[in-house]
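Just so you know, all these numbers are worked out from the coordinates, no wet-lab data involved. All values reported here derive from a predicted model rather than from experimental measurement. Using ideal geometry, Cβ is built from the backbone for each residue, glycine included, and neighbour counts are taken over all protein chains shown.
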Amino acid sequence: MKKLKASKKESGWKKLSGLSEIYPFKEKVPFVGKLVSFVKDAGKYSNGIFTFEDEATKKLYSVWNTASLQALENLKIGSIVKLVYLGIQKSKKGRKVKAFEVWIK
């Protein structure tokens, strides 16, 4: 996993760089990457967050957990995953959710 680097100090604070950004999904454009971490109960809604290394660029990206990605929680770190964003869809309960196809190698 990419190491975090501290930059110049600002009033006792050190800015960290090297944190991964959220992947900018586009409908039906596959993202292929290696699972490098999963943090359960992260964020405001305790959804959990996955971090992947992009297969092509080796850049780290994070992806918030959703109902259609929950199967990823049980994968081994290092697994190769293909995610295909299908857009916003209605759940069985009528709520709008981000839908994905999930493929593993």
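From the Cα gyration tensor of the stretch 22-104, with a ≥ b ≥ c the square roots of its eigenvalues, which class applies: rounded if a/c is under 1.5, or else prolate if a/b is larger than b/c, or else oblate? Verdict is oblate for the stretch 22-104. Greater than 24 Å separation of Cα atoms is the criterion. Which listed pairs, K58/K96; K44/K98; K59/K96; K44/K82, meet it? Long pairs (Cα-Cα over 24 Å): K58/K96; K59/K96; K44/K82.
For the stretch 22-104, what relative contact order do you get, as a whole percent, if you take Cα pairs closer than 8 Å and at least 6 residues apart?
Values: 160 pairs, mean separation 25.3, N = 83.
Here the relative contact order equals 31 percent.
Count the DSSP beta bridges whose two residues both fall in the stretch 22-104, then state the antiparallel fraction as a percent rounded to the nearest 5.
Within the stretch 22-104, antiparallel bridges account for around 95 percent of the total.
Packing, as the average of other Cβ atoms within 10 Å across residues, places the peptides 51-57, 90-96 in the order 51-57, 90-96, highest first.
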